[in-house]
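Data first, discussion second: the structure below is written as structure tokens.
The values are calculated or read from the model by the stated rules, or taken from the named source; none is laboratory data. What you are looking at is a predicted structure, and each value in this text was computed from that prediction instead of being measured. Cβ: placed from backbone, ideal geometry, glycine included. Neighbour counts: every protein chain shown.
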Amino acid sequence: MPRLPRLAAVTAAALALGPLATAPAAGGEPAVSDPRVVAHCSLAAGQTPENIALAPDGSADLTFAGSRQVANVTRTGATRILATLPAVANPNTPVVGSAVVLGIARASDGTLYVNYATGTSETGIWRIDPEGGAPRQIAQLPPDGFPNGLALDERRGVLYAADSVLGAIWRVPSTGGTPTAWVTGAPLDPGKTPPANGIGANGLRFHHNTVWVSNTDAGTLLRIPVGQDGAAGPIETRATGLTGIDDFGFVDRHRDTVLAALNVPNQVALVRPNGTHTVVLTAQDGLSNPTAVAVRGRTAYVLSAAYFTQTDPNLLLARVNQRERG
């Protein structure tokens, strides 16, 4: 599994930033309830759940970063390995050193796309066909980058990949081809001095004809409109103070309320459209360095990779209360 050696060195510094500023839950009730861990993963086998895409049957397709695998996990915890990315000789991946599978996106026909970061020419976006077979690379991304979050705009037939090290969002045809640096700029860049850990643009979602992306070092949630011609609009900062933010999911496909995984603080925060946020899940609920959130109906799916705790990587389900879906 990736031990994230450079990140581990700054864990204490990140925790020293202090508690996350929060806002009270609307109506006096929690936004999320009934958390329960439904699947425990094998840390020894490198099963560090990194990213998630939901299937129509309510199961979840996950990337296991350390084992280079993609798995399907049902709501009752049954786990099936769908694919393993090929081993790479002498990986030289920025930040982590080892080859890791990161973001995942799912097409309506069941095709899966994943980001593979290796520090070699194998770095890029890989496709896994719904009928199975070996994964195949459909786009190369810079080997000195770290392609992290991934999202699919199926109507336009394009993928967006967040590069945590190069501070960019790449745009790639879903059929494969040459990537374009769709957006770059300071809001996407990693931090340069401690307690920054070298992770900028991280989680990424396509929502309401916009690309949303988190910046881990900056603790921000950003929104980028997509023009009629596919060009990027100006980067907007929608929330700040989200210490250790990783990936996130929208609680309602019609609105901009988000559940965000805060990795090092061991928290999930509800982020409202006005930028205020409330911690709704903690380590006491079963979190162990949460990495990603997805929501289907009234169910939130939360992954924990245990990168720093080194205890119990898992998939947790929880109920999203209706009053907090605004």
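Among the residues making up the stretch 69-85, a single one is in contact with a Lys or Arg (Cβ under 7 Å, 6 or more places away or on another chain) and not in a strand (DSSP E or B): 85. Among the residues of the stretch 224-245 satisfying the criterion of being in a strand (DSSP E or B) and either without any contact (Cβ under 8 Å) to a residue 40 or more places away in the chain or not small (Gly, Ala, Ser) (or both), which is surrounded by the most Cβ atoms within 10 Å (Cβ to Cβ)? Once the filter is applied, the top-ranked residue is 245.
Does residue 248 fit the bill of being surrounded by fewer than 22 Cβ atoms within 10 Å (Cβ to Cβ) and among the aromatic types (Phe, Trp, Tyr)? So that I can check it myself, show each step before the final result.
Numbers: surrounded by fewer than 22 Cβ atoms within 10 Å (Cβ to Cβ): no; among the aromatic types (Phe, Trp, Tyr): yes.
No.
Taking each residue of the stretch 205-223 that is in contact (Cβ under 8 Å) with a residue 60 or more places away in the chain and looking for partners that are aliphatic (A, V, I, L, M) and in a loop (DSSP other than H, G, I, E, B) with beta-carbon atoms closer than 9 Å, six or more apart or interchain, yields 213/235; 214/242.
Which of the residues spanning the stretch 171-202 are among the β-branched types (Val, Ile, Thr), in a loop (DSSP other than H, G, I, E, B) and within 19 Å of the chain's Cα centre (by Cα)?
Going residue by residue through the stretch 171-202, those that are among the β-branched types (Val, Ile, Thr) are 172, 175, 178, 180, 183-184, 193, 199.
Subset that is in a loop (DSSP other than H, G, I, E, B): 175, 178, 193, 199.
Within the stretch 171-202, 199 is the sole residue that qualifies.
Report whether or not residue 66 is surrounded by 19 or more Cβ atoms within 10 Å (Cβ to Cβ) and not in a loop (DSSP other than H, G, I, E, B). Before the answer, list the steps.
Values: surrounded by 19 or more Cβ atoms within 10 Å (Cβ to Cβ): yes; not in a loop (DSSP other than H, G, I, E, B): no.
In short, no.
Does the stretch 207-217 contain any residue that is touching a Ser or Thr at 6+ places or on another chain (Cβ under 6 Å), closer than 21 Å to residue 52 by Cα and β-branched (Val, Ile, Thr)? Checked the stretch 207-217: no residue is touching a Ser or Thr at 6+ places or on another chain (Cβ under 6 Å), closer than 21 Å to residue 52 by Cα and β-branched (Val, Ile, Thr).
Is there a residue in the stretch 191-207 that is basic (Lys, Arg) and under 23 Å from residue 107 (Cβ atoms)? There is at least one residue in the stretch 191-207 that is basic (Lys, Arg) and under 23 Å from residue 107 (Cβ atoms).
Return yes when residue 91 is out of contact with any Leu (no Cβ under 6 Å at 6 or more places or on another chain), part of a loop (DSSP other than H, G, I, E, B) and modelled with pLDDT of 95 or more and no when it is not.
Yes, satisfied.
The residues in the stretch 149-170 that are surrounded by fewer than 23 Cβ atoms within 10 Å (Cβ to Cβ) and either over 19 Å from the mean Cα position of the chain (by Cα) or of a type in the set (D, E, K, R) (or both) can be counted, and the count is 5.
Just to verify a result, which residue in the stretch 278-295, among those that are in contact with a Ser or Thr (Cβ under 6 Å, 6 or more places away or on another chain) and of a type in the set (S, T, N, Q), is farthest from residue 150 (Cα to Cα)? Looking at the filtered set, the residue picked out is 278.
I need a count of the residues in the stretch 138-148 that are surrounded by fewer than 20 Cβ atoms within 10 Å (Cβ to Cβ) and not in a strand (DSSP E or B). Write out each step before concluding.
Filtering the stretch 138-148 down to residues surrounded by fewer than 20 Cβ atoms within 10 Å (Cβ to Cβ) leaves 138, 140, 142-144.
Narrowing the set further to residues that are not in a strand (DSSP E or B) leaves 142-144.
The number of residues fulfilling the criteria is 3.
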